[in-house]
Amino acid sequence: MKPLDGTVALVTGASSGIGEATAFTLAASGAKVTLVARRGDRLNALVSKIETAGGTALALEADVTDEKRGRDVIDKTVAEFGRLDVLVNNAGLMLLGPVGDADPSEWKRMIDLNLLALVNLSRAALPHLIAAAEKDPRRVADIVNISSTAGRVARNGVAVYSATKFAVGAFSESLRQELTKQHVRVSIVEPGRTATELAEHNKPEILAMIRANFKMDDPLQAEDIADAVHYVVTRPRHVAVNEMLVRPTEQQY
């Protein structure tokens with residue numbers, strides 16, 4: 001028997017990077033997984049990969065910054081699979097640069113995705129997670145929010161991105177306290193430098209700065225963070241891993 005047999009997970013930002021790796025890992029561990037992102041072609045490819053490996057997955061193309069679409073993906077997951085045990089809020093955007101030179105529309109995009117979508121999805125999922133925590137096979141449910149080392153240490157040029165990730169930490173801790181008696185665990189996983197597409201949305205000059213400042217021979221891989229998420233959600237019912245900081249060995253801060 002696999003650790004997540006009989007459970008259902010939903011992963012946002014599942015079309016690449018940490019989200020893709022996490023969805024595949026949870027499916028391999030027995031969960032039926034809903035894959036949510038804007039790039040439907042990539043989601044469909046991941047469904048095929050999961051099914052080929054013997055798992056079950058559902059692709060839902062959606063922009064989760066639309067609150068209604070966020071509710072829809074929760075509702076469709078429960079309609080298709082009958083329950084929801086794990087929500088992984090992974091979708092995120094990192095647009096860096098000095099505040100004085102910034103385009104405020106970039107701030108709004110980050111706040112809408114990194115924070116508000118996460119808050120709204122968590123709220124929409126709560127009734128289903130609480131219900132799952134009252135049932136077999138695990139009698140516990142999980143929200144895992146993917147944060148960042150930028151949610152622990154604010155640095156020059158990272159102001160609003162850090163602000164969103166600090167806010168994710170505060171929201172997660174408050175929600176954790178709210179849900180402890182209902183056995184819905186709330187955790188944050190904070191990756192350091194990870195080899196994903198996250199930085200690629202920046203302007204060329206900012207991207208060059210990121211590559212220079214965070215250059216290292218052996219960054220984390222998406223699968224390393226997927227492994228961390230898997231560890232969090234497969235703990236026994238009485239064990240809650242509320243925060244996991246994962247840095248490459250070479251990263252100093």
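The values are calculated or read from the model by the stated rules, or taken from the named source; none is laboratory data. Every value quoted in this text rests on a predicted model; they were computed, and no experiment measured them. Neighbour counts are summed over all protein chains in view; Cβ atoms, including those assigned to glycine, are modelled from backbone coordinates with ideal geometry.
Of note:
- Against the criterion of being surrounded by fewer than 14 Cβ atoms within 10 Å (Cβ to Cβ) and within 21 Å of Ser16 (Cα to Cα), Glu205 does not qualify.
- Residue match in the stretch 25-45 (condition: surrounded by fewer than 17 Cβ atoms within 10 Å (Cβ to Cβ), at pLDDT 95 or above, farther than 23 Å from Val140 by Cβ and acidic (Asp, Glu)): yes
- Tally, over the stretch 164-183, of residues that are under 24 Å from Lys135 (Cβ atoms), out of contact with any helix residue (DSSP H, G or I) (no Cβ under 8 Å at 6 or more places or on another chain) and surrounded by fewer than 18 Cβ atoms within 10 Å (Cβ to Cβ): 4
- Any hit, the stretch 11-28, residues being polar (S, T, N, Q), over 18 Å from Ala117 (Cβ atoms) and free of Cβ contacts under 8 Å to residues at least 12 places away in the same chain: no
- Ser162 being at pLDDT 95 or above and either in a helix (DSSP H, G or I) or in contact with a Gly (Cβ under 7 Å, 6 or more places away or on another chain) (or both): yes
- Residue selected from the stretch 172-206 under the condition of a type in the set (D, E, K, R) and not in a helix (DSSP H, G or I), by the criterion nearest to the chain's Cα centre (by Cα): Glu190
- Spans of strands (runs of 3 or more DSSP E) in the stretch 13-117 with at least 2 residues over 23 Å from Pro127 (Cβ atoms): 56-61
- For the stretch 107-156, filtered to residues that are of a type in the set (Val, Ile, Thr) and closer than 21 Å to Leu220 by Cβ, the residue that is nearest to the chain's Cα centre (by Cα) is Ile146.
- Residue match in the stretch 218-239 (condition: touching a residue at least 24 places away in the same chain (Cβ under 8 Å), of a type in the set (D, E, K, R), over 30 Å from Ile130 (Cβ atoms) and touching an Asp or Glu at 6+ places or on another chain (Cβ under 7 Å)): yes
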